Amino acid sequence: MDRLAEDAIKNHYTPGMQILVAKDGKIVVDKSFGTQDKNSSEKVKWTDLYDVASVTKVTATLPLLMLEVDEGKLQLDQTLGEIDNEARNSNKSSLKIREVLAHQSGLKPWIGFYNETVNVKNARLYLDYYSRKQDNEHQIKVTDNIYIINSIKDTIYEDIYKSSLGRKTYEYSDLGYYIFKKKIEKDFGTSLNELVQEKFYQDLGMYRTTFNPKEKFQLKDIIPTEYDKTYRNQLVHGFVHDQGAAMMGGVAGHAGLFSNSIDLAKLMQMYLNGGEYGDEVFLQPETIKEFTKQQYKGNYRGAGFDKLASGSAKGPSAESFGHTGFTGTMIWADPKYNIVYIFLSNRVNETVEPNYLSIKKVRENIRQVIYDAILP
């Protein structure tokens, strides 16, 4: 495991990483490698916070959706039209929540919302949208010196509702998570970031997990991500990497969460425990089973969770589940072998494309080492 991690750093796939493995509820590997930034000698510490990117989906939005199912506020076979008034008046009305979570609804994979607001060739912000200072019209903080117009959230939702639909085959999409965030906040009457702290993180002891980490932690404890040359024209540090989440003020259903390996291991262990952790019940076991199982034939996804196309006798089981993130992250849990695996990195700090971390299967190869160690 050490050799694979060190090779990835030496080959500039990522400047550093945290790796944690738990077996039968006990941590057996908890290591940090490399540096915080490709131009820094500051070593990665176990306490450092990484931008987990799309891992946000299964660590912030999904636990709250499962809680809604437990409380009878949501059913997976409800439609978007039933849970969202604006979706009801769009071509998204009849899409089932289950389809959206399994990425089989025909939603576009991505919309570059920021492209309308900036000249991407030279990262010049259009003044119709931005201000260098916070004022009444520009309350949403993108970075320390960039504030976006308040109405941008309405524009983002309008773009989602007006977007075309494709065929109902597997295609990964962020868009449904904007709608899920809106439903969750409406049902509970408070913001996604406050909700997930109150319902999960505080009682799980996840004290280093948060949206907008710069409000709570020092920069030296937060891992920087990309040298963004198309939008923010600076090193993104302490703010979310994902542009759509940045335009939402750093809190989104699909991205924006920052965490470290040990905090995420607690949440994944809670899933493995059937919704219990530290003598507290967070979720019902049958709800977790429903979300983590394969939803459609020919599509290996769970309801929000990533899965493998098939289990392996020498690797992760068919019951295993997790998620990856664009910044270079992976979380994985395997109920058959009672394993939790967390891999956090900031590979976009080296280069966004090509994504060598994925091409060389660094996360997957390190995961395989775990199985090689425990399986006969």
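The values are calculated or read from the model by the stated rules, or taken from the named source; none is laboratory data. Because the structure is predicted, anything quoted here is derived from the model rather than measured. Backbone-built Cβ (ideal geometry, glycine too); neighbour counts: all protein chains shown. Just the protein is used for accessible areas: all its heavy atoms, side chains included, with ligands, DNA and RNA removed. Shrake-Rupley method; radii C 1.70, N 1.55, O 1.52, S 1.80 Å.
Placing unit charges on C-beta atoms (Lys and Arg positive, Asp and Glu negative, everything else neutral), compute the dipole magnitude of the chain about its Cα centre in debye, rounded to 20.
Working: 48 positive and 50 negative charges, 199 e Å.
About 960 debye.
On the protein heavy atoms, probe 1.4 angstrom, tell me the percent of accessible surface of the stretch 5-114 carried by carbon and sulfur.
Working: 1960 of 4270 Å².
Accessible surface attributable to carbon and sulfur in the stretch 5-114 totals 46 percent.
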Once the Cα atoms of the stretch 41-100 are picked out, what are the Rg and Dmax in Å? 17.1, 53
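Over the chain, what is the mean sequence separation of C-alpha contacts under 8 Å (at least six apart), divided by residue count, expressed as relative contact order in percent?
The normalised contact order for the chain reaches 25 percent.
Provide the packing ranking of 167-174, 259-266, 3-10, 80-87, i.e. peptides ordered by the mean count of other C-beta atoms within 10 Å per residue, highest first. Numbers along the way, then the final one.
Working: 167-174: 14.5, 259-266: 24.2, 3-10: 16.2, 80-87: 18.5.
Going by the mean number of other Cβ atoms within 10 Å, highest first, we get 259-266, 80-87, 3-10, 167-174.
Quick check on packing: order 118-126, 184-192, 56-64, 91-99 by the mean number of other C-beta atoms within 10 Å, highest mean leading. Intermediate values should be presented prior to the final figure.
Working: 118-126: 12.7, 184-192: 16.0, 56-64: 26.0, 91-99: 19.4.
Per-residue mean Cβ counts within 10 Å order the peptides as 56-64, 91-99, 184-192, 118-126.
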Taking a ≥ b ≥ c as the square roots of the Cα gyration tensor eigenvalues, with a/c under 1.5 meaning rounded and otherwise prolate when a/b beats b/c, else oblate, which class fits the stretch 20-175? oblate
Rounded to a whole number, what % of the accessible area of the stretch 310-366 do carbon and sulfur atoms account for, probe 1.4 Å? 55 percent
Quick one: give the max-minus-min coordinate of the C-alpha atoms of the chain along each principal axis, largest first, in Å. 62, 50, 38
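Considering only protein heavy atoms, what per residue accessible area in square angstrom results for the stretch 182-294 with a 1.4 angstrom probe? Don't skip to the end; give the middle numbers.
Working: 4270 Å² over 113 residues.
Dividing the accessible area of the stretch 182-294 by its residue count gives 38 Å².
When a/c is below 1.5 the answer is rounded, else prolate if a/b is larger than b/c, else oblate, so apply that to the stretch 149-296 with a ≥ b ≥ c taken from the square roots of the Cα gyration tensor eigenvalues.
On the way: a/c = 1.77, a/b = 1.15, b/c = 1.54.
Note, shape of the stretch 149-296 comes out oblate.
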So what's the Cα pair-distance distribution over the stretch 316-376, bin width 10 Å, in %? 21, 50, 23, 6
Ordering 154, 37 from largest to smallest accessible area (1.4 angstrom probe), what's the sequence? 154, 37
Calculate the length of the line joining the C-alpha centroid of the stretch 100-117 to that of the stretch 15-41, in whole Å. 32 Å
Could you give the distance between the Cα centres of the stretch 209-280 and the stretch 288-358, to the whole Å? 18 Å
I need the shape label for the stretch 14-73. Rule: rounded when a/c is under 1.5, else prolate if a/b > b/c, else oblate, with a, b, c from the alpha carbon gyration tensor. oblate
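Stokes-Einstein diffusion coefficient for the stretch 84-155 at 4 °C in a medium of 1.567 mPa s, Rh from the Kirkwood formula over Cα pairs: what value in µm²/s? It would help to have the intermediate numbers written out before the result.
Details: Rh = 14.7 Å.
Reported coefficient: 88 µm²/s.
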From the C-alpha gyration tensor of the stretch 255-368, square roots of 5λ in Å: 24, 18, 13
